[in-house]
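Here's the structure we're looking at; comments come further down.
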Amino acid sequence: MNERFLHISFTFNEGMPKVQGLEPVFNYLAPDWLRYSPNCWLVWTARPASDFYFGVKPLIGNSDSMLIVKVDMSDRNGIQPQWVWEWMDKKRVLGPPPPPAAPPADFGQLLGIWGDPPPKPGGLGSLFGGLIEPPKPPKK
């Protein structure tokens, strides 16, 4: 198994944090996740960090930012509610992370969870449209 922890944090510069709009992406990509503050998530997943990048990027503003990093839970400390520590301590099997990847094979289904309206122009749809639908051959 290649599951491991990822920490995903955001800086929302464009209006209110988009927490509820991001939840469907996290539900789809991670079997288990925890949001411990409005801009910070811990996820337990086998998917590469790039899947979260591709899934979330169209849903945040152009001046917003995000950081996705692998987390080693063996050395930790802080002040959190008890339920956060319990979530971290669930019995899980750790394995090496998978290598970085192109957009996920189920990217079309991921696009479907964005619902209406579709991602904003210039977002992931236009940038990676050729990966979703094969390019059309040139007209002769």
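The values are calculated or read from the model by the stated rules, or taken from the named source; none is laboratory data. The structure presented is a predicted model; accordingly, all values stated were derived computationally and were not measured. For neighbour counting, all protein chains shown are included, and Cβ atoms are generated from backbone atoms with ideal geometry for every residue, glycine included. For accessibility, only protein heavy atoms count, side chains too; no ligands or nucleic acids. Shrake-Rupley method; radii C 1.70, N 1.55, O 1.52, S 1.80 Å.
Numbers for the structure displayed
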read-out: Search result, residues across the stretch 59-88 that are under 29 Å from LEU110 (Cα atoms) and in a loop (DSSP other than H, G, I, E, B); value: ILE60, GLY61, ASN62, SER63, ASP64, ASP72, MET73
read-out: Test: residue in the stretch 24-35 that is farther than 20 Å from PRO104 by Cβ and of a type outside the set (A, V, I, L, M); value: yes
read-out: Members of the stretch 57-71 found to be touching a residue at least 60 places away in the same chain (Cβ under 8 Å) and out of contact with any Gly (no Cβ under 9 Å at 6 or more places or on another chain), listed by number; value: LEU67, ILE68, VAL69, LYS70, VAL71
read-out: Cross-chain or 6+ apart pairs with Cβ under 6 Å, the stretch 23-44 first and over 16 Å from VAL71 (Cα atoms), then charged (D, E, K, R) and open to solvent by 30 Å² or more (accessible area, probe 1.4 Å); value: LEU29/ARG47
